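S.K.: The structure follows.
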Amino acid sequence: MEKFDGIVSLLIACIELLFVINLLIFAEKNSVNKLVIALIGLLFGYQFFETLICTFKLQNQFIIYLAFFGITFMPPLGFYTVQKIVGNNSKNNILIFIPALFFISYYPFVIDQFAVTKCTVLYASYHYPLGQLYAVFYYLPILFLMVLLNKKWGAETSPRKKSLIRTFFFGYLFTFIPAMIIALTVPSFINAVESLLCKMAFILASFLTYFCLKNKTEK
């Protein structure tokens, strides 16, 4: 089965690339949609690099770093996008990117500690520095954005906006809750949680694509 390692990443990368192309052609290019397209683009980027790592065996530290580079920006970009959706346009929102900037700036100095520990058809496992700290700053923005979406959903009176917020919220809910349950109940997945989450994030990409196509400026 080794010759099929990374094949799921390749399949998902192809579909997510089609999502991005479709949105660039058909979605309205408002500020929120541009951010959402960037999110899906980051998901595609990770699957692309995991394909290089597992299918084509390009397992040098720089390729692994590039894979982490993209997914490190996903949670803060998601939080920043949700702030736009709920109408909070404070300049301070940009501060959510500080932890991501720290990690991508720090990791090049310890890039020799990056390693692929396992590749399978479904997922890859990695070793990298500050793993527990990275996890904290990775999941907190996701938790906060889901809370924000849930509050806005309950308070919104416009049926159209409520539907859009619900789509965004369920995209994250149906992605991260099942993935975390699997990671916590299947010991072999705990060291591959980044890869597993990005596979499950195909669900998120699907919801976000629908969101983008429906998110149009009211006339």
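S.K.: With a 1.4 Å probe and all protein chains left in place, how much accessible area per residue does the range 18-95 have, in Å²? Show your work: numbers first, answer last.
M.R.: Working: 3430 Å² over 78 residues.
Roughly 44 Å² per residue, with all protein chains present.
S.K.: Could you work out the percent of alpha carbon pairs in the range 4-78 separated by over 19 Å, rounded to a whole number?
M.R.: For the range 4-78, the fraction of Cα-Cα distances above 19 Å is 39 percent.
S.K.: Can you find, among Leu11, Phe79, Val121, the residue farthest towards the positive end of the dipole of the chain? Put +1 on the C-beta of Lys and Arg, -1 on that of Asp and Glu.
M.R.: Most positive-ward Cα: Phe79.
S.K.: I've got another one for you. Under 19 Å from the Cα of Lys161, which lysines turn up, not counting those fewer than eight places away in the same chain?
M.R.: Lys29, Lys34, Lys84, Lys151, Lys152, Lys214, Lys216, Lys219
S.K.: Leaving out ligands, DNA and RNA, and with a 1.4 Å probe, what % of the accessible surface on the chain is carbon or sulfur? Write out the running numbers ahead of the final one.
M.R.: Values: 7660 of 10860 Å².
Accessible surface attributable to carbon and sulfur in the chain totals 71 percent.
S.K.: Three principal axis extents, largest first, for the C-alpha atoms of the range 89-145, in Å?
M.R.: 42, 28, 17
S.K.: Sticking with this one: Leaving out ligands and nucleic acids, note down the accessible area per residue over the range 117-196 with a 1.4 angstrom probe, in whole Å².
M.R.: 51
S.K.: Compute the angle between helix 193-214 and the longest alpha-carbon principal axis of the chain, please, reported from 0 to 90 degrees and rounded to the nearest 10.
M.R.: Its long axis makes an angle of about 30 degrees.
S.K.: Another question, if that's okay. Quick check: the angle from helix 7-26's long axis to the longest principal axis of the chain, C-alpha only, nearest 10 degrees?
M.R.: Once rounded, the angle reads 30 degrees.
S.K.: Which of the listed residues, Tyr139, Thr167, Gly154, is farthest toward the dipole's positive end in the chain, when Lys, Arg count +1 and Asp, Glu count -1 at the beta-carbon?
M.R.: Positive-end residue among those listed: Gly154.
S.K.: Something else: Taking the Cα centre of the range 1-119 as origin and charging only Cβ (+1 Lys, Arg; -1 Asp, Glu), how large is the dipole, in debye to the nearest 20? Intermediate values should be presented prior to the final figure.
M.R.: Values: 7 positive and 6 negative charges, 60 e Å.
The calculation lands at about 300 debye.
S.K.: So what is the diffusion coefficient of the range 92-185 in µm² per second by Stokes-Einstein at 4 °C and 1.567 mPa s, using a Kirkwood Rh over Cα pairs?
M.R.: In µm²/s, the coefficient is 80.
S.K.: Just the number: Rg to Rh for the chain, Cα atoms, Kirkwood Rh, two decimals.
M.R.: Details: Rg = 17.3 Å, Rh = 17.9 Å.
Answer for the chain: 0.97.
S.K.: Per the chain: cysteines with no other Cys C-beta under 4.7 angstrom?
M.R.: Lacking a cysteine Cβ partner under 4.7 Å: Cys14, Cys198, Cys212.
S.K.: Now for a different question. Ranking request for peptides 76-86, 107-117: highest mean number of other beta-carbon atoms within 10 Å first, then the rest in descending order.
M.R.: Output ranking for 76-86, 107-117: 76-86, 107-117.
S.K.: Note the angle between two axes, namely the Cα long axis of helix 159-185 and the longest principal axis of the Cα atoms of the chain, as a number of degrees from 0 to 90, rounded to the nearest 10.
M.R.: That works out to roughly 20 degrees.
S.K.: Run the helix sum for the chain: -39,500 (n - 2.57) per DSSP H stretch of 4+ residues, divided by residue count, reported at 222 nm to the nearest 500 deg cm²/dmol.
M.R.: -24000 deg cm²/dmol
The values are calculated or read from the model by the stated rules, or taken from the named source; none is laboratory data. Only a predicted model underlies this, so the values are computations on that prediction, with no experimental measurement involved. Glycine gets a Cβ as well: all are built from the backbone with ideal geometry, and neighbour counts include every protein chain shown. These accessible areas exclude ligands, DNA and RNA; they are computed on the full protein's heavy atoms, side chains included. Shrake-Rupley method; radii C 1.70, N 1.55, O 1.52, S 1.80 Å.
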